[in-house]
Amino acid sequence: MVKIPRESNLLVTFSKRRSSPLVPSVEAVIDRFLAGNPPQPSSCALQLIEAHRNARVRELNMQLTQVMNQLEMEKKRGQELDKMRKVGAEQRWWESPIEELDVPRLEQLKAALEVLRQNVAKLDDRLLIQSTIILTSIIQNLKLRLFLLI
């Protein structure tokens with residue numbers, strides 16, 4: 001270490017810097033704090049803040065518009081699906097529980113079941129006749145083969 005020869009250099013070196021453009025005075029900071037007045041930004045900074053705020057508002061408005069359009073489309077789609085479901089339910093009324101059917105529908109269901117029973121009976125008779133014919137022909141073939149073997 002070297003001794004500083006001049007006393008003025010010594011004072012400059014070891015003294016606190018009290019007045020500098022980058023260091024605010026303690027009194028100014030205390031006055032602002034006690035008065036509750038924050039430093040006012042410059043007009044350029046205000047313009048930048050306002051421009052950023054406006055850009056963000058526009059962006060959020062666009063997002064809101066897109067979401068609202070999607071919501072409307074989904075509502076319309078839901079309404080169309082409800083209509084299709086109602087039309088389908090009206091066309092397949094017989095699939096509803098019997099307790100929910102009114103008297104004309106019940107009579108219509110009864111008539112349809114009668115027709116179904118008649119069709120099943122006819123089909124049963126037809127199958128019985130066909131199976132009888134097939135069995136008769138098989139039996140005759142077997143008898144013929146047995147006769148030829150004897």
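The values are calculated or read from the model by the stated rules, or taken from the named source; none is laboratory data. Everything numeric in this text was worked out from a predicted model, so none of it was measured. Positions of Cβ are generated from backbone atoms using ideal geometry, with glycine treated the same way; all protein chains shown enter the neighbour counts.
Points worth noting:
- Condition broken by residue 51, with the remaining ones in (1) at pLDDT 90 or above; (2) in contact with a helix residue (DSSP H, G or I) (Cβ under 9 Å, 6 or more places away or on another chain); (3) of a type in the set (A, V, I, L, M) satisfied: (2)
- For first residues located in the stretch 84-102 and free of Cβ contacts under 8 Å to residues at least 40 places away in the same chain, partners that are in a helix (DSSP H, G or I) and among the aliphatic types (A, V, I, L, M) and lie 6+ apart or on another chain with Cβ distances below 7 Å form the pairs 94/109; 101/109.
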